[in-house]
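Below is one structure, written out as structure tokens; the observations come after it.
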Amino acid sequence: MKFGTYVYEPEKAVGFDFHVLRAKLETGDRIPPVQDMYSNIAVFADNAAVRSHPDWISQSPLGPARMGNSNFNIYWSVVCATQPEHRAEQLDYIEDVDRHSLGVWLNSQYFADHSHCTCPRCKERWKKSGLNWFEWRRKEVTEYIAQVRERVKKDLVMCVQPDPVTACERYGVDFDDLAKYADAFNVVMFSKSYATPWYWEMLSRGFKKLLKKPVYISLYVFGPGDTARDVPSASELLTVSVRCARAGIDGILYLANGASQLRDFQKAAVDKVELRKRLKGYGGESVQEVLDLVKSWEKIVE
Ligand SMILES: [Zn+2]
């Protein structure tokens, strides 16, 4: 297994195998990529693009993909996934970011959610395609990812929502299509509590069965603006890491604002001596790899 950080600040916490920098956020904010980190890019979720071009927003019978439209699981304003200028600009941007970092981890590279997008262009493209609604959306997403693949010379990782069953109906995402272009997948499993690890373990097992490339998962440690009361405890994070590891995943990323929050997590994890002993009985080699990682942090946090 490999262990990574997933961070908003260009800082490489000690004690991890690799680092993913959030180079472009769903707000549209961008920071320069870093040569020895991977770059995470939110493609269609982009508040800034929608602010500049209100007509680019993804449409649906239940309203636009705007933050605050509670019909959907949408926290950001999302650009229509066929918007040609946004697509073109993102391709150029992705190519440039790839050149200046270790590779690209994409998220929000698909339709906003179920029943999107019904803007006049999408309706027209759908009609012309002769396909059914779901097949047309799948084709749009897959063709765009193929274009991205032509631009990305280094690693290309597909971040996906933690929905193993209705990804096609909701997002136009077909896992086998994406696997043809991706070097790996990253299942985003952010939660401010991992009190019930069973569900996350089950999702890990399900995705490992479905996805035809290595599978990473991402866990939430400490986001921008959080206080200690907002975030999962070190005990929850350790337990869920071990339980997802035994489901056969290939690696875990830990999301934090920057290196100092990860160091706090490492210290708290090291201090859970009793729990670390108990977790030894939770499974085979992969579980030991997680526990060995925590052991290796002992000398870092001293
Ligand atoms: Zn549209």
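The values are calculated or read from the model by the stated rules, or taken from the named source; none is laboratory data. Bear in mind the structure is a predicted one, so any value in this text is a computation, not a measurement. Cβ sites come from the backbone with ideal geometry, for glycine too, and all protein chains shown count toward neighbours. Ligands, DNA and RNA are excluded from the accessible area calculation, which covers all protein heavy atoms including side chains. Shrake-Rupley method; radii C 1.70, N 1.55, O 1.52, S 1.80 Å.
Annotations
- Residue count, region 243-260 (criterion: open to solvent by less than 40 Å² (accessible area, probe 1.4 Å) and in contact with an Asp or Glu (Cβ under 9 Å, 6 or more places away or on another chain)): 8
- Entirely in region 221-302, the helices (runs of 4 or more DSSP H) that have 1 or more residues that are in contact (Cβ under 8 Å) with a residue 40 or more places away in the chain and closer than 18 Å to GLY4 by Cα: 234-245, 259-271, 285-296, 298-301
- Candidates VAL301, VAL294, VAL270 - the one that is open to solvent by 10 Å² or more (accessible area, probe 1.4 Å), among the aliphatic types (A, V, I, L, M) and out of contact with any Asp or Glu (no Cβ under 8 Å at 6 or more places or on another chain): VAL301
- Failed item, numbered, when SER129 is tested on (1) within 14 Å of the ligand (Cβ to nearest atom); (2) polar (S, T, N, Q); (3) in contact (Cβ under 8 Å) with a residue 24 or more places away in the chain: (3)
- In region 170-220, residue farthest from TYR6 (Cα to Cα) [restricted to those that are open to solvent by 10 Å² or more (accessible area, probe 1.4 Å) and of a type in the set (S, T, N, Q)]: THR196
- Count of region 82-120 residues, restricted to those that are among the hydrophobic types (A, V, I, L, M, F, W, C) and open to solvent by 30 Å² or more (accessible area, probe 1.4 Å), is 2.
- Any hit, region 145-152, residues being within 13 Å of the ligand (Cβ to nearest atom) and at negative phi: no
- Sole exception among (1) touching a residue at least 60 places away in the same chain (Cβ under 8 Å); (2) among the small types (Gly, Ala, Ser); (3) surrounded by fewer than 23 Cβ atoms within 10 Å (Cβ to Cβ) for SER58, by number: (3)
- When restricted to residues that are within 22 Å of THR142 (Cα to Cα), touching a helix residue (DSSP H, G or I) at 6+ places or on another chain (Cβ under 8 Å) and more than 16 Å from the ligand (Cβ to nearest atom), region 28-82 contains 2.
- The one condition in (1) farther than 23 Å from VAL148 by Cα; (2) open to solvent by less than 80 Å² (accessible area, probe 1.4 Å); (3) within 16 Å of the ligand (Cβ to nearest atom) that PRO10 fails to fulfil: (3)
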